[in-house]
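Visitor: I am attaching a structure below and will ask some questions about it afterwards.
The values are calculated or read from the model by the stated rules, or taken from the named source; none is laboratory data. None of these values were measured; they are calculated from a predicted model. When we count neighbours, we look across all protein chains shown, and the Cβ atoms used for this are built from the backbone with ideal geometry, even at glycine. The accessibility values were calculated without ligands, DNA or RNA, using every heavy atom of the protein model including side chains. Shrake-Rupley method; radii C 1.70, N 1.55, O 1.52, S 1.80 Å.
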Amino acid sequence: MKSNSINEKYNSLYEWSIKDPINFWSEQAGHFVEWMRPWTDVLKKSDDKTHAKWFLNAELNVSSNCLDRHLIKRGDKTAIIWEGDDPDDRRQMSYRDLYKEVCKFSNVLKSLNVNKGDRVCIYMPNIIETAVAMLACARLGAIHSVIFGGFSSNALKDRIIDTQCKVVITANEGRRGGKNIPIKNIIDEALIDCPLIEKVVVVKHTQSDANMIADRDVWYHEAMQQSSDVCNAEAVESSDPLFILYTSGSTGKPKGILHSSAGYLLHCSITFQHVFDYKEDDVYWCTADLAWITGHSYVLYGPLSMGATIVLYEGVPTYPTASRYWEMIDRYNVTTLYTAPTILRTLVGMGESYLNDSSRESLRLLGSVGEPIDADTWNWYFTKVGKKQCPILDTWWQTETGGIMLSQLPHMITEKCGEEVKPMFGIVPDLVDDNEKLTTEKVGNLVIKEPWPGQMLTIYNDAKRFEETYFTNRKHGGYYLAGDRALYNEKGTLRVTGRSDDTLNVAGHLIGSTEIEAALIKHEAVAEAAVVGYPHPVKGQGIYAYVALINEYEPDESMIGELLQLVKTEISGIAKPDVLHWTPELPKTRSGKVMRRILRKISNNEFDDVGDTSTLVNPEIVQFLITSRAQYGV
Ligand code: WT7
């Protein structure tokens, strides 16, 4: 299709989706999703718009949408091309074989007493069995909660306890960058404090043995041997939850984002089709780990629901060399690559020569997600990786939104970064000021004014927090507050520039500053700590921690090691501070509030304009921090 006609098609569909959402979504739901029972109403929203229900009283099954419905037409088509950390470790699976594997594993889960509505935690490397486990939960109507393999046993424990699950699925080991990761040991440590756990299913992914606990642990391959490959897909209602996925907030513990079955699947499918201009022969590779929302929506559910061939890769982009992605693109004739700016910046840093031995001729489209993409990285992606032949789709969305909300469209080849950002169908973005009133200013806080099908249902176990986090303005408008700053660019379209709250976006992962502070102050020597972000050349944002020690302790090398280790055991290696700035105390207001605004200025080297310090009880500390800043050069 010519670019003009794609544009016109988008415009007319978008307009329809806004003017007549009921008929629009009714039509799309019939096209993109296979139903077991039709709906009585397309949408019911609460008066304050905080809660919306889609496709009421209808039934479907997400796993059968991703598998069964393709069997006749695409049974032999490759569903998953998998490559392990070791480049010689390769495996492919057709839709039919994936279907059988999922049915078998669904029966295993059934035999372990997993029923509709039960929660199941999955702590796995990026392997085919992880996809199987997710789809098997969906087949039974059980709610999966996938936890990233990089989280520590403490972080894992908190999530397992919050879901109140009985069954965990894991592997003996994972592999990343040539190293084995002892996943099973980390699970065992977490489970010491999880009395509800009855069974642990263990995939034997590497040759190493695992310490299997009698009556609790079950080998995946042994259980699968006796399992039947026939398993009916359970009918679930549209708003029955498909999964919980934890994400960090600006305060408190991570939030269990709860997503629906029907609306979520529809949103992933329609955006996958339109943003990536999906065609039957595409080989589509989204490099995200299945444990993040990008993995859920655009490695697994969106593409499989459309019957796509996906690439799944276990390892890191720099192993064995920084050519790995480009070699894999040539090896599998990848047409569509969807990755994150932090990965691209890592590869830029390794030098251009790694691009030399690959042609990348199969590439048609390039996507970006997770954080704002800066102009240099965009140019490298466009010019070097895509040789100016592939449009770049910079997709903005969140764990909470379920799928892509704002993006460029595939026909928009442009040499300028981030022009013409389009809202997806049914998405009505706007800006509010700091008092949460709609504003005509060019810069503001991003809101979404109407509910959309892929919107999160609530925060698991905490409906109050859901309303207080995302709908503080529900009395006037009921707009979804994204927590991001955005601006109208030259084309008059909205572009997201970064977070407006105290969450940090470190290498594409959100981490709450309070989570890191809570870990630091667990150390007996730490009196107080405050964490802010600063610009980091590879990670986007780096983690800058101001730490005040109790008098008798020394800020020496061993203290640094202990504090970093503490953050690693409490949360994850990805949450470790890049800078520890020692201070006798933190700048505080008379009411005892830490002035983060000032701390942010100092870590960003913006000393001229630290702002008003008159409300501080200890204004002298600001000068101390500025003077000592040089010691912590970054
Ligand atoms: C936050 C959501 C989207 C799935 C992966 C991350 C930032 C994400 C972009 C983008 C600017 C972006 C936002 C958002 N973000 N994509 N294209 N441009 N910022 O999901 O962990 O829930 O993080 O990531 O700040 O709020 P998440």
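Visitor: I'd like the full set of residues that are closer than 11 Å to Phe276 by Cα, more than 8 Å from the ligand (Cβ to nearest atom) and of a type outside the set (A, V, I, L, M, F, W, C), limited to the stretch 387-406.
Guide: Pro391
Visitor: Here's something else I'd like to know. Scan the stretch 80-91 and report the pairs whose first residue is modelled with pLDDT of 95 or more and open to solvent by less than 60 Å² (accessible area, probe 1.4 Å) and whose second residue is aromatic (Phe, Trp, Tyr) and part of a loop (DSSP other than H, G, I, E, B), with Cβ atoms within less than 9 Å and a gap of 6+ or a chain change.
Guide: Close Cβ pairs satisfying both conditions: Asp85/Tyr319; Pro87/Tyr319.
Visitor: Taking the residues in the stretch 159-169 that are of a type outside the set (A, V, I, L, M, F, W, C) and in a loop (DSSP other than H, G, I, E, B) as candidates, determine which candidate is surrounded by the fewest Cβ atoms within 10 Å (Cβ to Cβ). Let's see the steps before the verdict.
Guide: Quick first cut of the stretch 159-169, residues of a type outside the set (A, V, I, L, M, F, W, C) only: 159, 162-164, 166.
If we keep only those that are in a loop (DSSP other than H, G, I, E, B) too, we end up with 164, 166.
Numbers: Gln164: 12, Lys166: 18.
This residue is Gln164.
Visitor: Moving on to the next point. Considering only residues that are β-branched (Val, Ile, Thr) and in a loop (DSSP other than H, G, I, E, B), look in the stretch 210-249 and name the one that is least open to solvent (accessible area, probe 1.4 Å).
Guide: Ile213
Visitor: Here's something else I'd like to know. Which members of the stretch 1-34 meet the condition of being in a loop (DSSP other than H, G, I, E, B) and more than 17 Å from Gly454 (Cβ to Cβ)? Reasoning before the result, please.
Guide: Taking the stretch 1-34 first, the residues in a loop (DSSP other than H, G, I, E, B) are 1-2, 20, 33-34.
Matches in the stretch 1-34: Met1, Lys2, Asp20, Glu34.
Residue-by-condition table, conditions (1) open to solvent by 30 Å² or more (accessible area, probe 1.4 Å); (2) more than 19 Å from Thr399 (Cα to Cα); (3) modelled with pLDDT of 95 or more; (4) of a type in the set (Val, Ile, Thr):
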residue: Ala138; (1), (2), (3), (4): no, no, yes, no
residue: Gly141; (1), (2), (3), (4): no, yes, yes, no
residue: Val146; (1), (2), (3), (4): no, no, yes, yes
residue: Gly149; (1), (2), (3), (4): no, no, no, no
residue: Lys157; (1), (2), (3), (4): yes, yes, yes, no
residue: Ala171; (1), (2), (3), (4): no, yes, yes, no
residue: Gly174; (1), (2), (3), (4): no, yes, yes, no
residue: Lys179; (1), (2), (3), (4): yes, yes, yes, no
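Visitor: Please verify whether Lys44 is on the phi < 0 side of the Ramachandran plot, open to solvent by 90 Å² or more (accessible area, probe 1.4 Å), assigned to a strand (DSSP E or B) and among the charged types (D, E, K, R), treating the condition exactly as stated. Before the answer, list the steps.
Guide: Details: on the phi < 0 side of the Ramachandran plot: yes; open to solvent by 90 Å² or more (accessible area, probe 1.4 Å): yes; assigned to a strand (DSSP E or B): yes; among the charged types (D, E, K, R): yes.
Judged against the criteria, Lys44 is a match.
Visitor: Given Ile257, Ile187, which one is of a type in the set (A, V, I, L, M) and not in a strand (DSSP E or B)?
Guide: Sole residue among the options that is of a type in the set (A, V, I, L, M) and not in a strand (DSSP E or B): Ile187.
Visitor: So which residues in the stretch 359-383 are part of a helix (DSSP H, G or I), over 16 Å from Gln408 (Cβ atoms) and at pLDDT 95 or above?
Guide: Hits for the stretch 359-383 are Trp380, Thr383.
Visitor: Okay, next question. Which of the residues that make up the stretch 268-281 are part of a helix (DSSP H, G or I) and in contact with a helix residue (DSSP H, G or I) (Cβ under 8 Å, 6 or more places away or on another chain)?
Guide: Once the filter is applied, which keeps residues that are part of a helix (DSSP H, G or I) and in contact with a helix residue (DSSP H, G or I) (Cβ under 8 Å, 6 or more places away or on another chain), the stretch 268-281 yields Cys268, Ser269, Ile270, Thr271, Phe272, Gln273, His274.
Visitor: Output the residues belonging to the stretch 23-38 that are closer than 14 Å to Ala235 by Cα and open to solvent by less than 60 Å² (accessible area, probe 1.4 Å).
Guide: We begin by selecting, within the stretch 23-38, every residue closer than 14 Å to Ala235 by Cα; these are 33-38.
The answer is Val33, Trp35.
Visitor: Right, here's the next one. Exactly one condition in (1) open to solvent by less than 10 Å² (accessible area, probe 1.4 Å); (2) closer than 20 Å to Asp394 by Cα is false for Ala308; which is it?
Guide: Condition (2) is where Ala308 drops out.
Visitor: Taking only pairs six or more apart or across chains, which ones have beta-carbon atoms under 7 Å, a first residue in the stretch 125-141 that is on the phi > 0 side of the Ramachandran plot, and a second residue that is basic (Lys, Arg) and surrounded by fewer than 24 Cβ atoms within 10 Å (Cβ to Cβ)?
Guide: That search, which allows pairs on different chains as well, returns Gly141/Lys116.
Visitor: If you don't mind, there's one more thing I want to ask. Of everything in the stretch 106-146 that's among the charged types (D, E, K, R) and touching a strand residue (DSSP E or B) at 6+ places or on another chain (Cβ under 8 Å), which residue is nearest to Gly315 (Cα to Cα)?
Guide: Out of the qualifying residues, it is Glu129.
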